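For reference, the structure discussed in these notes is given below.
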Amino acid sequence: MEPEPLTFFTPDGDRVTWEVKAEPDHDPFERRLTLVVQGTRIVQRRVPRAEGHDREHLYELLENEARMGARLLTRLRRAYPVELPRLMGYSLDEEEPFVLLSDHRGEPVNRFAGALLIAEQRALQASLFRAVRILSACDIVHRRIDPDTVRWDGAAVQLTDLSHATLAGNRRLRLGEAPYAAPEQRAGTGRASTADDLWSAGMVIYRTVTGREVADRPDLSAAPALQPIHDVFSGQPPSALEVLDRLREPDPMRSVPAEQDLRLEEGRLAFDRAHEAKREPEAEQPSPVTRIEQVPQEPPRKWWARWLPLAVLVSLVVVVWMVIR
(Lines give C-alpha, C1' and ligand atoms only; values in the text may rest on other atoms or scores of the structure.)
Protein backbone atom coordinates (compact mmCIF):
# COMPACT_ATOMS: atom_id res chain seq x y z
CA MET A 1 0.00 0.00 0.00
CA GLU A 2 1.15 3.51 -0.81
CA PRO A 3 1.83 5.95 2.04
CA GLU A 4 -0.73 8.67 2.58
CA PRO A 5 -0.48 11.99 4.48
CA LEU A 6 -2.49 12.27 7.67
CA THR A 7 -2.95 15.76 9.15
CA PHE A 8 -4.34 16.21 12.66
CA PHE A 9 -3.92 17.95 16.01
CA THR A 10 -1.76 16.44 18.74
CA PRO A 11 -3.05 16.44 22.34
CA ASP A 12 -0.83 19.49 22.91
CA GLY A 13 -2.83 21.36 20.25
CA ASP A 14 -0.11 21.34 17.55
CA ARG A 15 -1.10 20.66 13.93
CA VAL A 16 1.13 17.99 12.37
CA THR A 17 1.20 15.73 9.31
CA TRP A 18 2.40 12.12 9.43
CA GLU A 19 2.87 9.68 6.56
CA VAL A 20 1.03 6.45 7.26
CA LYS A 21 0.20 3.17 5.63
CA ALA A 22 -3.28 1.80 6.22
CA GLU A 23 -4.21 -1.84 6.58
CA PRO A 24 -7.21 -3.11 4.59
CA ASP A 25 -10.46 -1.97 6.19
CA HIS A 26 -12.38 -4.62 8.12
CA ASP A 27 -14.42 -2.17 10.17
CA PRO A 28 -15.84 1.05 8.66
CA PHE A 29 -15.42 2.82 12.02
CA GLU A 30 -11.86 1.76 12.72
CA ARG A 31 -8.64 1.03 10.86
CA ARG A 32 -5.03 0.33 11.86
CA LEU A 33 -2.25 2.55 10.57
CA THR A 34 1.54 2.22 10.51
CA LEU A 35 3.73 5.31 10.73
CA VAL A 36 6.14 5.24 7.78
CA VAL A 37 9.07 6.84 9.63
CA GLN A 38 8.83 5.06 12.99
CA GLY A 39 7.06 1.86 12.09
CA THR A 40 4.71 2.43 15.05
CA ARG A 41 1.18 1.15 14.72
CA ILE A 42 -1.80 3.21 15.81
CA VAL A 43 -5.58 2.94 15.61
CA GLN A 44 -7.77 5.44 13.79
CA ARG A 45 -11.37 5.61 14.99
CA ARG A 46 -13.59 7.56 12.61
CA VAL A 47 -17.10 8.34 11.41
CA PRO A 48 -17.54 7.56 7.70
CA ARG A 49 -19.52 10.11 5.72
CA ALA A 50 -22.42 7.78 4.96
CA GLU A 51 -22.76 6.61 8.56
CA GLY A 52 -22.58 10.11 10.00
CA HIS A 53 -25.24 11.36 7.61
CA ASP A 54 -27.75 8.85 8.99
CA ARG A 55 -26.60 8.84 12.64
CA GLU A 56 -25.38 12.24 13.76
CA HIS A 57 -24.88 11.08 17.36
CA LEU A 58 -21.78 9.24 16.16
CA TYR A 59 -19.98 12.58 15.92
CA GLU A 60 -20.72 13.26 19.59
CA LEU A 61 -19.38 9.85 20.57
CA LEU A 62 -16.16 10.45 18.65
CA GLU A 63 -15.68 13.86 20.21
CA ASN A 64 -16.30 12.36 23.63
CA GLU A 65 -13.56 9.80 22.98
CA ALA A 66 -11.11 12.64 22.28
CA ARG A 67 -12.26 14.67 25.26
CA MET A 68 -11.88 11.79 27.73
CA GLY A 69 -8.52 10.82 26.23
CA ALA A 70 -7.28 14.39 26.69
CA ARG A 71 -8.48 14.38 30.30
CA LEU A 72 -6.57 11.18 31.04
CA LEU A 73 -3.39 12.55 29.47
CA THR A 74 -3.64 15.74 31.51
CA ARG A 75 -3.94 13.79 34.75
CA LEU A 76 -1.66 10.81 34.08
CA ARG A 77 1.10 12.49 32.07
CA ARG A 78 4.09 10.20 31.44
CA ALA A 79 3.03 7.52 33.93
CA TYR A 80 0.38 6.37 31.49
CA PRO A 81 -1.01 2.91 32.37
CA VAL A 82 -0.94 -0.03 29.98
CA GLU A 83 -4.58 -0.72 30.81
CA LEU A 84 -5.90 2.32 28.91
CA PRO A 85 -5.50 3.41 25.27
CA ARG A 86 -3.51 6.62 24.84
CA LEU A 87 -4.83 9.51 22.76
CA MET A 88 -2.35 10.32 19.96
CA GLY A 89 -4.30 13.02 18.12
CA TYR A 90 -7.60 14.06 16.59
CA SER A 91 -9.19 15.87 13.66
CA LEU A 92 -12.86 16.55 14.27
CA ASP A 93 -13.75 19.27 11.76
CA GLU A 94 -13.32 17.15 8.62
CA GLU A 95 -16.00 15.53 6.53
CA GLU A 96 -14.91 12.20 8.04
CA PRO A 97 -13.62 13.14 11.52
CA PHE A 98 -11.30 10.81 13.44
CA VAL A 99 -9.27 10.27 16.59
CA LEU A 100 -5.93 8.47 16.80
CA LEU A 101 -5.15 6.08 19.65
CA SER A 102 -2.30 3.83 20.66
CA ASP A 103 -2.46 0.39 19.06
CA HIS A 104 -4.67 -2.34 20.51
CA ARG A 105 -3.08 -5.00 22.68
CA GLY A 106 -4.25 -8.56 23.01
CA GLU A 107 -7.64 -9.95 22.05
CA PRO A 108 -11.20 -9.44 23.35
CA VAL A 109 -11.67 -11.46 26.56
CA ASN A 110 -14.54 -13.38 24.95
CA ARG A 111 -11.89 -15.57 23.33
CA PHE A 112 -10.55 -16.65 26.73
CA ALA A 113 -13.83 -17.46 28.49
CA GLY A 114 -13.35 -20.44 30.80
CA ALA A 115 -9.77 -21.04 29.59
CA LEU A 116 -7.60 -18.96 31.94
CA LEU A 117 -5.22 -20.54 34.43
CA ILE A 118 -5.47 -19.63 38.13
CA ALA A 119 -2.57 -17.17 37.94
CA GLU A 120 -4.07 -15.57 34.84
CA GLN A 121 -7.45 -15.24 36.54
CA ARG A 122 -5.85 -13.27 39.37
CA ALA A 123 -3.83 -11.12 36.95
CA LEU A 124 -6.99 -10.38 34.95
CA GLN A 125 -8.83 -9.19 38.05
CA ALA A 126 -5.95 -7.05 39.27
CA SER A 127 -5.41 -5.41 35.88
CA LEU A 128 -9.07 -4.66 35.20
CA PHE A 129 -9.63 -3.18 38.64
CA ARG A 130 -6.47 -1.15 38.19
CA ALA A 131 -8.09 0.37 35.10
CA VAL A 132 -11.31 1.13 37.01
CA ARG A 133 -9.32 2.65 39.88
CA ILE A 134 -7.36 4.92 37.51
CA LEU A 135 -10.54 6.06 35.76
CA SER A 136 -12.22 6.78 39.11
CA ALA A 137 -9.21 8.82 40.26
CA CYS A 138 -9.70 10.93 37.11
CA ASP A 139 -13.46 11.24 37.85
CA ILE A 140 -14.34 9.19 34.76
CA VAL A 141 -17.01 6.48 34.54
CA HIS A 142 -16.50 4.24 31.50
CA ARG A 143 -20.12 2.94 31.32
CA ARG A 144 -19.42 0.35 28.62
CA ILE A 145 -17.16 -2.25 30.25
CA ASP A 146 -18.11 -5.54 28.59
CA PRO A 147 -16.38 -8.44 26.79
CA ASP A 148 -16.10 -6.33 23.62
CA THR A 149 -14.25 -3.42 25.25
CA VAL A 150 -11.90 -5.45 27.49
CA ARG A 151 -8.86 -7.02 25.80
CA TRP A 152 -6.34 -9.46 27.30
CA ASP A 153 -2.77 -10.16 26.23
CA GLY A 154 -1.89 -12.79 28.84
CA ALA A 155 -0.42 -10.29 31.31
CA ALA A 156 -2.69 -7.21 31.44
CA VAL A 157 -5.99 -5.96 30.12
CA GLN A 158 -6.61 -3.04 27.82
CA LEU A 159 -9.89 -1.23 28.38
CA THR A 160 -10.91 0.35 25.08
CA ASP A 161 -13.67 2.67 23.79
CA LEU A 162 -14.17 5.79 25.91
CA SER A 163 -16.84 7.13 23.58
CA HIS A 164 -19.65 6.55 26.11
CA ALA A 165 -17.67 7.64 29.17
CA THR A 166 -18.90 10.45 31.40
CA LEU A 167 -17.75 12.31 34.48
CA ALA A 168 -18.65 10.95 37.88
CA GLY A 169 -21.62 12.81 39.31
CA ASN A 170 -23.31 13.50 35.97
CA ARG A 171 -26.89 12.41 35.62
CA ARG A 172 -27.19 8.78 34.59
CA LEU A 173 -28.62 8.01 31.18
CA ARG A 174 -30.18 4.72 30.22
CA LEU A 175 -27.28 2.82 28.72
CA GLY A 176 -26.23 -0.79 28.24
CA GLU A 177 -27.91 -4.13 28.71
CA ALA A 178 -27.93 -6.88 31.32
CA PRO A 179 -25.88 -8.45 32.66
CA TYR A 180 -22.91 -6.13 32.03
CA ALA A 181 -24.56 -2.76 32.70
CA ALA A 182 -25.45 -2.10 36.33
CA PRO A 183 -29.20 -2.02 37.17
CA GLU A 184 -29.07 1.69 38.06
CA GLN A 185 -27.39 2.46 34.76
CA ARG A 186 -29.93 0.46 32.79
CA ALA A 187 -32.72 2.33 34.59
CA GLY A 188 -31.06 5.73 34.14
CA THR A 189 -31.59 6.76 37.77
CA GLY A 190 -29.32 8.77 40.03
CA ARG A 191 -25.80 9.93 39.23
CA ALA A 192 -23.01 8.16 37.35
CA SER A 193 -20.65 6.47 39.78
CA THR A 194 -17.60 4.21 39.84
CA ALA A 195 -19.97 1.58 41.26
CA ASP A 196 -21.40 1.28 37.73
CA ASP A 197 -17.97 0.28 36.39
CA LEU A 198 -17.33 -2.05 39.34
CA TRP A 199 -20.49 -4.00 38.50
CA SER A 200 -19.50 -4.23 34.82
CA ALA A 201 -15.90 -5.22 35.58
CA GLY A 202 -17.06 -7.88 38.03
CA MET A 203 -19.44 -9.32 35.45
CA VAL A 204 -16.72 -9.42 32.77
CA ILE A 205 -14.39 -11.22 35.19
CA TYR A 206 -17.09 -13.73 36.15
CA ARG A 207 -17.85 -14.49 32.50
CA THR A 208 -14.16 -14.81 31.56
CA VAL A 209 -13.13 -16.92 34.55
CA THR A 210 -16.11 -19.29 34.63
CA GLY A 211 -17.17 -19.26 30.98
CA ARG A 212 -20.78 -18.98 32.10
CA GLU A 213 -23.38 -16.35 31.25
CA VAL A 214 -25.87 -15.09 33.82
CA ALA A 215 -28.95 -12.93 33.55
CA ASP A 216 -28.43 -11.03 36.81
CA ARG A 217 -26.24 -11.24 39.93
CA PRO A 218 -23.94 -14.26 39.70
CA ASP A 219 -23.33 -16.82 42.44
CA LEU A 220 -19.64 -16.67 43.37
CA SER A 221 -19.72 -19.25 46.15
CA ALA A 222 -18.33 -22.02 43.91
CA ALA A 223 -15.49 -19.87 42.52
CA PRO A 224 -12.78 -19.27 45.19
CA ALA A 225 -10.72 -17.16 42.79
CA LEU A 226 -13.58 -14.63 42.63
CA GLN A 227 -14.02 -14.06 46.38
CA PRO A 228 -12.24 -10.65 46.30
CA ILE A 229 -15.15 -9.32 44.20
CA HIS A 230 -17.94 -11.04 46.10
CA ASP A 231 -19.69 -7.76 47.05
CA VAL A 232 -19.30 -5.65 43.89
CA PHE A 233 -22.85 -6.69 42.96
CA SER A 234 -24.31 -5.59 46.31
CA GLY A 235 -26.18 -2.43 47.17
CA GLN A 236 -23.06 -1.09 48.89
CA PRO A 237 -20.14 -2.12 46.68
CA PRO A 238 -16.53 -1.53 47.73
CA SER A 239 -14.27 0.94 45.96
CA ALA A 240 -11.86 -0.22 43.27
CA LEU A 241 -9.03 0.55 45.68
CA GLU A 242 -10.54 -1.78 48.29
CA VAL A 243 -10.79 -4.58 45.74
CA LEU A 244 -7.13 -4.04 44.77
CA ASP A 245 -6.20 -4.22 48.45
CA ARG A 246 -7.95 -7.59 48.72
CA LEU A 247 -5.92 -8.73 45.72
CA ARG A 248 -2.79 -7.40 47.49
CA GLU A 249 -2.17 -4.94 44.71
CA PRO A 250 -0.81 -1.41 45.34
CA ASP A 251 -2.70 1.73 44.42
CA PRO A 252 -1.63 2.55 40.82
CA MET A 253 -2.16 6.27 41.49
CA ARG A 254 0.78 6.41 43.91
CA SER A 255 3.21 6.57 41.01
CA VAL A 256 1.35 9.26 39.07
CA PRO A 257 3.09 12.69 39.14
CA ALA A 258 1.03 15.28 40.95
CA GLU A 259 2.16 18.32 38.94
CA GLN A 260 0.31 19.37 35.81
CA ASP A 261 1.64 19.32 32.27
CA LEU A 262 0.76 22.84 31.15
CA ARG A 263 0.97 22.12 27.40
CA LEU A 264 -1.42 19.21 27.73
CA GLU A 265 -3.74 21.28 29.88
CA GLU A 266 -3.71 24.09 27.30
CA GLY A 267 -4.38 21.60 24.52
CA ARG A 268 -7.31 20.10 26.42
CA LEU A 269 -8.79 23.53 27.14
CA ALA A 270 -8.41 24.52 23.46
CA PHE A 271 -10.25 21.35 22.45
CA ASP A 272 -13.07 22.06 24.93
CA ARG A 273 -13.42 25.64 23.72
CA ALA A 274 -13.61 24.54 20.08
CA HIS A 275 -16.17 21.89 20.97
CA GLU A 276 -18.39 24.32 22.86
CA ALA A 277 -18.14 26.96 20.14
CA LYS A 278 -19.22 24.45 17.53
CA ARG A 279 -22.05 22.87 19.49
CA GLU A 280 -23.56 25.82 21.31
CA PRO A 281 -24.76 29.09 19.69
CA GLU A 282 -23.11 32.14 21.14
CA ALA A 283 -25.27 33.55 23.86
CA GLU A 284 -26.44 37.13 23.46
CA GLN A 285 -24.60 39.46 25.75
CA PRO A 286 -26.88 41.67 27.86
CA SER A 287 -26.69 45.41 27.31
CA PRO A 288 -24.64 47.18 29.94
CA VAL A 289 -26.79 48.72 32.64
CA THR A 290 -25.84 52.13 33.97
CA ARG A 291 -26.38 52.33 37.67
CA ILE A 292 -27.37 55.78 38.92
CA GLU A 293 -26.57 56.19 42.57
CA GLN A 294 -28.37 58.93 44.42
CA VAL A 295 -26.30 61.30 46.50
CA PRO A 296 -27.70 61.33 50.03
CA GLN A 297 -29.35 64.66 50.84
CA GLU A 298 -28.89 66.43 54.16
CA PRO A 299 -32.07 66.52 56.22
CA PRO A 300 -33.79 69.95 56.40
CA ARG A 301 -32.68 72.09 59.32
CA LYS A 302 -35.25 73.18 61.91
CA TRP A 303 -36.22 76.92 62.06
CA TRP A 304 -34.52 77.65 65.36
CA ALA A 305 -31.29 76.07 64.19
CA ARG A 306 -31.10 78.59 61.38
CA TRP A 307 -31.21 81.61 63.85
CA LEU A 308 -29.11 80.12 66.64
CA PRO A 309 -25.68 81.36 65.35
CA LEU A 310 -27.05 84.92 65.01
CA ALA A 311 -28.54 84.86 68.49
CA VAL A 312 -25.24 83.70 69.98
CA LEU A 313 -23.39 86.53 68.17
CA VAL A 314 -25.86 89.18 69.40
CA SER A 315 -25.57 87.90 72.98
CA LEU A 316 -21.79 88.06 72.78
CA VAL A 317 -21.89 91.69 71.56
CA VAL A 318 -24.23 92.69 74.40
CA VAL A 319 -21.98 91.10 77.00
CA VAL A 320 -18.87 92.84 75.62
CA TRP A 321 -20.71 96.23 75.55
CA MET A 322 -21.77 95.92 79.18
CA VAL A 323 -18.23 95.07 80.26
CA ILE A 324 -16.56 98.01 78.58
CA ARG A 325 -19.27 100.47 79.53
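The values are calculated or read from the model by the stated rules, or taken from the named source; none is laboratory data. All values derive from a computational prediction rather than experimental measurement. Glycine also receives a Cβ, built like all others from the backbone with ideal geometry; neighbour counts cover every protein chain displayed. Note: accessible area is taken over every heavy atom of the protein model, side chains too, but ligands, DNA and RNA are not part of it. Shrake-Rupley method; radii C 1.70, N 1.55, O 1.52, S 1.80 Å.
Miscellaneous remarks
- Each residue, Arg191 and His230, gets one label point 7 Å from its Cα in the Cβ direction; the gap between the two is 3.1 nm.
- One chain, two ends: Glu177 and Lys21. Fully extended at 0.36 nm per residue, the span grows by 52.5 nm beyond their Cα-Cα distance.
- Separation of alpha-carbon centers, segment 162-193 and segment 10-66, rounded to whole Å: 26
- Neighbour-limited loop hits for trypsin sites (Lys or Arg not before Pro), segment 55-141 (at most 13 other Cβ within 10 Å; DSSP other than H, G, I, E, B): Arg55, Arg78
- Accessible surface of segment 107-173, 1.4 Å probe, proportion on carbon and sulfur as whole %: 47
- When you count the other C-beta atoms within 10 angstrom of each residue and take the mean per peptide, 42-48, 196-202 line up highest first as 196-202, 42-48.
- Size of segment 149-262: Rg and Dmax of its alpha carbons, in Å, are 15.2, 50.
- Simple spin-label estimate for Ile118 and Ala222 in nanometres, 7 Å along Cα-Cβ: 1.9
- Given a 1.4 Å probe and the protein chains as shown, Asp25 ends up with an accessible area of around 90 Å².
- The distance between label points at Ala50 and Arg248 comes to 5.5 nm (points 7 Å beyond Cα on the Cα→Cβ vector).
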